[in-house]
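Derivation of every value follows stated rules applied to the coordinates shown; laboratory data play no part. In this text the structure is predicted, and so the values were computed from the model without any measurement. For neighbour counting, all protein chains shown are included, and Cβ atoms are generated from backbone atoms with ideal geometry for every residue, glycine included.
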Amino acid sequence: MSAALGLKAKPIAPEPADDDSDISALINRLTAEVNQIAVDKTKAIQQITNQMKMLALNALIESSRAGAQGAGFAVVAQEVRGVGQQVESIARELETQLTKRTGDLVSSIDRMSQRSRGERMVDLSLNAVELIDRNLYERTCDVRWWATDSAVVDCAASPAPAAVTFASQRLGVILGAYTVYLDLWLCDLDGNVIANGRADRFRVVGQNVAHTKWFREAKSLRSGDDYVAGDVENQQLLGNAQVATYCASVRTGGQANGAPIGVLAIHFDWEPQARAIVQGVRVGDSDKARVLLVDSNFRVIAASDGQGILSERISLSLNGQRSGFYQDRSGTLVAFHATPGYETYRGLGWYGVIVCGA
């Protein structure tokens, strides 16, 4: 199986809809321009009607001075004044109605744009977590396969020096082909590491890992078809590197129903693989986005900015949903999608999360 299959998989979600956002921005701009034109023109009309009213007022004053001879002119001036008031009233109504309608249109376009952006970020969140799921599915296949290797089985059954040397060599050959692993450990049922693939780099033989969660769970596996997927952690015995450990039981004769005789633990080199995925999510520069993978406790296990890994916990408002988006109190857009799993890998309750600046 290809060690990099998950990383090379084509993106599942569509590319960012830049055209859609450009169109929304264009409509917003044109609507604002129409609104401004309407306001400017109605103000111009109001200025003209004010002038008409002033002229009518002056005409009334002059007609009163003319006495009886100006009476007819006074009637005309009064009509002009009335017409000016009507035009002014119509202009105000036009301004009010146009401003309200263009305002409603801008608000509607903003909501549509935000929804489109949010749905796109949800798709990209799914893209991130689904890519890592596909990658980790390969890890579950690898560990179950390599636990049946004859050199591994023979060494677990009888860890004589020659068997240990051969098993270590065999594990080293695997590591040479599968560069996504830091090391492979063969442990006995007491948790003692009896062989590893990079003995020259990691002197772990003789170390006891019986206290670890992944070993305890692996020791209790019911058959060779089962596996353990450990949490992402800093492994001190591997230079405090970030690893995701996968385990399978080594069984008599390499048979799935054989008696357990050991545990094979493979340590996935988490940080560079996860970083490639979160930094490869195709968000736009204008989104000011931070792409995250978080575990079931909302602990950050990968971040496109490289910050807070294994130390930061984020607050997600799921509202009982496996996917969705919302704006927090600061106006920040938060999109999320739960792990869908892949094939026989059910996932660990992780989420892909994208946080976009306001």
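Every Cα-Cα pair of region 264-307 was included, and the share exceeding 12 Å stands at 63 percent. Our estimate of slack between Ala44 and Val205, defined as 0.36 nm per intervening residue step minus the Cα-Cα distance, is 49.1 nm. Think of region 282-356 as a dipole: +1 on every Lys or Arg Cβ, -1 on every Asp or Glu Cβ, centred on the Cα centre; then among Ile354, Ser317, Leu293, Ser317 lies furthest on the positive end.
Extension gain for the segment Glu217 to Gln86, taken as residue separation times 0.36 nm less the Cα-Cα distance, is 38.6 nm to one decimal.
Stretched out straight at 0.36 nm per residue, the stretch from Arg275 to Ala256 would grow longer than its current Cα-Cα span by 3.4 nm. Distant-in-sequence amide contacts of Gly324, defined by a placed amide H-H separation under 5 Å and a gap of 5 or more residues or a different chain, comprise Phe336. Computed over the alpha carbons of region 147-273, Rg followed by Dmax gives 13.2, 37 Å. Between Lys288 and Leu318, the FRET efficiency estimated from the beta carbon spacing at R0 = 22 angstrom works out to 0.45. Each of Ser150 and Asn234 was given a label point 7 Å from its Cα along the Cα-to-Cβ line. The distance between the two points is 4.3 nm.
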